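Presented below is the structure to which this report refers.
FYI, it's all coordinate maths here, none of it is from the lab. Small disclaimer: the values here were computed from a predicted structure and weren't measured. A quick note on method: Cβ atoms are made from the backbone with ideal geometry, for glycine too, and the neighbour counts reach across all protein chains shown.
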Amino acid sequence: MMKFIPFILFTVFTNAAAQLMLKYGMMQLGPLSFAGVNPVLKILQIVFSPWVFFGLCTFVLSMASHLFVLSKVELSFAYPFLSLAYVAVAFFAFLLFREEIGVLRIAGIALICLGTVFIAQSGSKIHGEGDVAALATKASNEVTR
């Protein structure tokens with residue numbers, strides 16, 4: 001189970017990176033207005049602006065990694081780790097975009113980190129391991145008959 005933590009963290013950090021790229025891309029585009037503009041063309045302009053496009057591609061990479069993780073560990077173990085993306089986004093938004101991080105936000109981030117540590121300590125059943133043990137037990141029972 002612990003051997004999948006690097007894949008989970010890769011998912012978390014690519015998710016956070018995607019958020020940061022999307023924010024930067026939208027900052028480059030400025031305030032949105034659909035007044036007098038074909039909405040489909042405006043959405044295409046947004047999606048294909050470089051930082052938004054790379055952010056969306058990074059999300060796809062993050063989701064592919066998450067799907068791999070979900071094929072290996074329990075959802076109730078893997079999914080809560082995604083809250084660490086909020087921690088990374090808050091930290092990097094402070095550094096890159098000079099966003100405010102007040103005392104309450106810091107307290108919330110600390111609770112997220114603490115909760116994630118508790119979940120990591122709880123462990124997870126790796127998909128397929130229980131199946132192998134069940135097959136081995138069944139095979140040994142067949143042999144002893």
Label model pair V60, K3: point-to-point distance (7 angstrom along the Cα→beta-carbon line) in nm is 3.0
Among (1) 80, 40, 20; (2) 40, 35, 33; (3) 48, 38, 25, the value of Cα extents along the principal axes in Å computed for this structure carries the label (1)
Per DSSP, the loop-located GluC sites (Glu not before Pro) within the range 31-100 having at most 11 other beta carbons within 10 Å are E100
Over the chain, the sum of -39500 (n - 2.57) across DSSP H runs of at least four, divided by residue number and rounded to 500 deg cm²/dmol, gives at 222 nm -25000 deg cm²/dmol
Phi angles of the range 80-94, converted by Karplus (6.51 cos²θ - 1.76 cosθ + 1.60, θ = phi - 60°) into ³J(HN,Hα) in whole Hz with x for Gly and Pro, give x, 4, 4, 5, 5, 4, 4, 4, 5, 5, 4, 5, 6, 5, 5
